[in-house]
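See below for the structure under consideration.
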Amino acid sequence: MANQVAGQLDKGPLVSGQNGSKRKGSGFSISKYISYLFLIILCVMWIVPIIFGITTSFRSQTEVVTSGFRLFPKEWIFDNYVKILDNTSTAPILRWLVNSLFIASMHTLLVVVVISITGYGYSRMKFKGRDTLFFTLLGISFFPGVVNLIPSYKIIDALGWVNTSWAMIIPGLAGMGNLFLVRQFMNGIPKELDESAHVDGAGHFRIYFSIIVPLIKPILIVCALFSFTGSWNDFLWPVIVFTDVDKMPVTAGLLLLQDIYGNYRMIGQLMGSAILAIIPTLVLFLFAQKYFVQSINLNSGIKG
């Protein structure tokens, strides 16, 4: 009898604990489902316009004008893309894509070199006014970029870089946003590594190349992705500094296409040009998602 009572007492708390855990799990599931529902709504808000833009590029001009909003076309046609690629005089889209690829790649390469060296100086080297200078520049960077348009254009014009790729490659190499990320990442690297290297006779450049650069690769890759997409998607600055059609990047070319294809004349071709312009950055993000996850932890370059 005593054993049966003891067994019943043992079962009681166990059942109660199970019910409590179920109630707790049930509450957690509701919040999880609400979160999923919110994310799904956001995805729909982002994806539907993109899908509509892609499908519009496969519609005839007659259907664009007469059918109203339809997510998918009645008849899929490829004439819009054929006409886009055949137009090499007034709208050389392939030439613009090559120009953008060259400009964004060169800009990204130089950004990685500049911010890694500059970040090393602000993080590992000691000099008077280092932090004051850094945070002063960081504060100045919060001013809107349009404030610098006229001075920047004056400088570019004085250097003879108007209508050249250098007008987009050089400005913005030492962006404070990327520099702040690199500096914070470097601050998470133990300074004992530097001290050990100094004891062995290594100088700053040896420490930078042999110790720091291998450890900050994740954040450099993230900054490179930000720089590439920023340069590729830049619109206002290339419109100002480029007037030669053959030298334009694709964003400035798209503005020109509004005069050629816009006003309900050739909406399908205009949308097809825009779709071609986003393909490189879309592919880049698909292959580089894991590096964005790594960048969330500013100490992810240090392995325990």
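The table below gives the values:
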item	result
Tally, over the stretch 213-228, of residues that are of a type outside the set (A, V, I, L, M), modelled with pLDDT under 90 and touching a Ser or Thr at 6+ places or on another chain (Cβ under 8 Å)	1
Index of the failed condition, Asp246 passing every other in (1) crowded, with 18+ Cβ neighbours inside 10 Å; (2) modelled with pLDDT of 85 or more	(1)
Residue tally, condition outside any loop (DSSP other than H, G, I, E, B), within 31 Å of the chain's Cα centre (by Cα) and free of Cβ contacts under 8 Å to residues at least 40 places away in the same chain, over the stretch 26-85	25
Phe127, sole failed condition from (1) hydrophobic (A, V, I, L, M, F, W, C); (2) in contact (Cβ under 8 Å) with a residue 12 or more places away in the chain; (3) not in a helix (DSSP H, G or I)	(2)
Qualifying residue in the stretch 234-246 (condition: part of a helix (DSSP H, G or I) and farther than 29 Å from Phe143 by Cβ)	yes
Flag if Ile170 is surrounded by 15 or more Cβ atoms within 10 Å (Cβ to Cβ) and more than 20 Å from Ser141 (Cβ to Cβ)	no
Among residues of the stretch 141-163, those that are part of a loop (DSSP other than H, G, I, E, B) and either buried (at least 16 other Cβ atoms within 10 Å of the Cβ) or not assigned by TED's automatic domain parsing to the domain that holds Pro249 (or both), counted	2
Residue that is modelled with the lowest pLDDT, among those in the stretch 175-212 that are in a loop (DSSP other than H, G, I, E, B) and crowded, with 16+ Cβ neighbours inside 10 Å	Ala202
Sole residue being surrounded by fewer than 10 Cβ atoms within 10 Å (Cβ to Cβ) and either modelled with pLDDT of 80 or more or of a type in the set (A, V, I, L, M) (or both), chosen from Val48, Val65, Val114, Val5	Val5
Total residues in the stretch 108-157, condition out of contact with any helix residue (DSSP H, G or I) (no Cβ under 9 Å at 6 or more places or on another chain) and polar (S, T, N, Q)	3
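The values are calculated or read from the model by the stated rules, or taken from the named source; none is laboratory data. Quantities reported herein were computed from a predicted structural model and do not represent experimental measurements. Counting neighbours? That spans all protein chains shown, and the Cβs are built from the backbone with ideal geometry, glycine included.
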